1. Condition check: in the same structural domain as residue 315 (by TED's automatic domain parsing), assigned to a helix (DSSP H, G or I), in contact with a strand residue (DSSP E or B) (Cβ under 9 Å, 6 or more places away or on another chain) and surrounded by fewer than 17 Cβ atoms within 10 Å (Cβ to Cβ). Does residue 107 satisfy that?
2. Is it the case, given these coordinates, that residue 21 is touching a residue at least 60 places away in the same chain (Cβ under 8 Å), in a strand (DSSP E or B) and over 29 Å from residue 78 (Cβ atoms)?
3. Might you let me know whether region 358-368 holds any residue that is more than 20 Å from the chain's Cα centre (by Cα) and surrounded by fewer than 21 Cβ atoms within 10 Å (Cβ to Cβ)?
4. So which residues in region 246-260 are out of contact with any strand residue (DSSP E or B) (no Cβ under 9 Å at 6 or more places or on another chain) and either surrounded by fewer than 24 Cβ atoms within 10 Å (Cβ to Cβ) or farther than 24 Å from residue 304 by Cα (or both), if there are any at all?
5. Has region 4-14 got any residue that is part of a loop (DSSP other than H, G, I, E, B) and at pLDDT below 95?
6. Here are some conditions: (1) over 25 Å from residue 254 (Cβ atoms); (2) modelled with pLDDT of 95 or more. Residue 38 meets all but one. Which one does it not meet?
7. Since residue 305 meets every condition but one in (1) out of contact with any helix residue (DSSP H, G or I) (no Cβ under 9 Å at 6 or more places or on another chain); (2) surrounded by fewer than 24 Cβ atoms within 10 Å (Cβ to Cβ); (3) under 27 Å from residue 92 (Cα atoms), which condition does it not meet?
8. Answer yes if at least one residue in region 173-184 is on the phi < 0 side of the Ramachandran plot, modelled with pLDDT of 95 or more and out of contact with any helix residue (DSSP H, G or I) (no Cβ under 9 Å at 6 or more places or on another chain), and no otherwise.
């Protein structure tokens, strides 16, 4: 007996068409009109959008070490509610995921507690200190899919070159969110009108772009696959675009909050808007949108970064950086980019499915016969208000509280199994 998803709308040549999907043995067996019910369990989705499950390659689950912020259970539950079937867990936990035994421990915990599929990332250097390289080979054998120093820039260029060379030998992607500390230290917002208005230290665009430029040169020299995390500036986009044109193996990601907000949207010095990298100028935001359209930026990620209410109450200058995003990503993108005509529905979905799958060599993110049944069902019509108190995530730190959005996921299926559904919307027969 399989599961039959009845009366869903799927993307076909850029248009939404009504189709049924039959799932058996964890796979999509058939996509067609009016598939016979036979003995299959039936889910009538009544014209809702059926998409390949979303993939997020940049999530902070915080466990081990920071369980007050988030846990594997709460973070993956939030992912399921956001329509994500696969996420990648950043390694900047405490202790850091920097040794084979840490990878093994986390794998065992994920098998017991994760609601969705979680891919493991490991640190490039021991304790993220930027000095001694980790045992990449053994950790790859244990299943890590990429390496990242998780927001801590490796300042020594020789160490970074050695790390890239070793990663290239092993076929592992190097993920970097770069920031030149000498330019950015003490900064809390983008360097510009807002920082000048409130007399606070700003973080200039070049703090990011300098590291991107260096690492692109090292990627070219070593042949490494280099992934720019959380690209946010005009200068970085130009560098990545040029590097792609000359054959450097580089990919890039951007978050919903950098596509939708700018530093001009920050209300006072509200710490809910504090994130790393900071929200940039309206010009930077517009350039990010164009770069996502033309393929310079390959994918959308959430950079889901939960913090406690007490931490965020400390004020802009002291509060930690970070915005949660798993449960609001698609509704934000659909409401503010698709419905407003910046992107088609297919373009946004591809940046959340096929894009990350292609960049990291993943076998998911495709809604086709014979593929893994990772499926997200979405209500494109109903408008709901963002209410952090309803989130599965422990984190409530979002600047989007009270925003009214469309495009809310109502069911998430991983490898053919329903892992979450909004009960009042979909009933299973």
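The values are calculated or read from the model by the stated rules, or taken from the named source; none is laboratory data. On a predicted model such as this, the values are computed, not experimentally measured, just so you know. Note that each Cβ is placed from the backbone with ideal geometry, even for glycine, and that neighbours are counted across all protein chains shown.
1. On the way: in the same structural domain as residue 315 (by TED's automatic domain parsing): yes; assigned to a helix (DSSP H, G or I): yes; in contact with a strand residue (DSSP E or B) (Cβ under 9 Å, 6 or more places away or on another chain): yes; surrounded by fewer than 17 Cβ atoms within 10 Å (Cβ to Cβ): yes.
Yes, satisfied.
2. Working: touching a residue at least 60 places away in the same chain (Cβ under 8 Å): yes; in a strand (DSSP E or B): yes; over 29 Å from residue 78 (Cβ atoms): no.
Considered against the rule, which asks whether it is touching a residue at least 60 places away in the same chain (Cβ under 8 Å), in a strand (DSSP E or B) and over 29 Å from residue 78 (Cβ atoms), residue 21 comes out as no.
3. Taking region 358-368 first, the residues more than 20 Å from the chain's Cα centre (by Cα) are 368.
If we keep only those that are surrounded by fewer than 21 Cβ atoms within 10 Å (Cβ to Cβ) as well, we get 368.
The answer is yes, given that some residue of region 358-368 is more than 20 Å from the chain's Cα centre (by Cα) and surrounded by fewer than 21 Cβ atoms within 10 Å (Cβ to Cβ).
4. Start the filter on region 246-260 by keeping residues that are out of contact with any strand residue (DSSP E or B) (no Cβ under 9 Å at 6 or more places or on another chain), which leaves 246-247, 258, 260.
Answer for region 246-260, where residues must be out of contact with any strand residue (DSSP E or B) (no Cβ under 9 Å at 6 or more places or on another chain) and either surrounded by fewer than 24 Cβ atoms within 10 Å (Cβ to Cβ) or farther than 24 Å from residue 304 by Cα (or both): 246, 247, 260.
5. Start the filter on region 4-14 by keeping residues that are part of a loop (DSSP other than H, G, I, E, B), which leaves 13-14.
Subsequent filtering for residues that are at pLDDT below 95 retains 13-14.
Checking region 4-14: at least one residue is part of a loop (DSSP other than H, G, I, E, B) and at pLDDT below 95.
6. Answer for residue 38: the failing condition is (2).
7. With (1) out of contact with any helix residue (DSSP H, G or I) (no Cβ under 9 Å at 6 or more places or on another chain); (2) surrounded by fewer than 24 Cβ atoms within 10 Å (Cβ to Cβ); (3) under 27 Å from residue 92 (Cα atoms) applied to residue 305, the lone miss is (2).
8. yes
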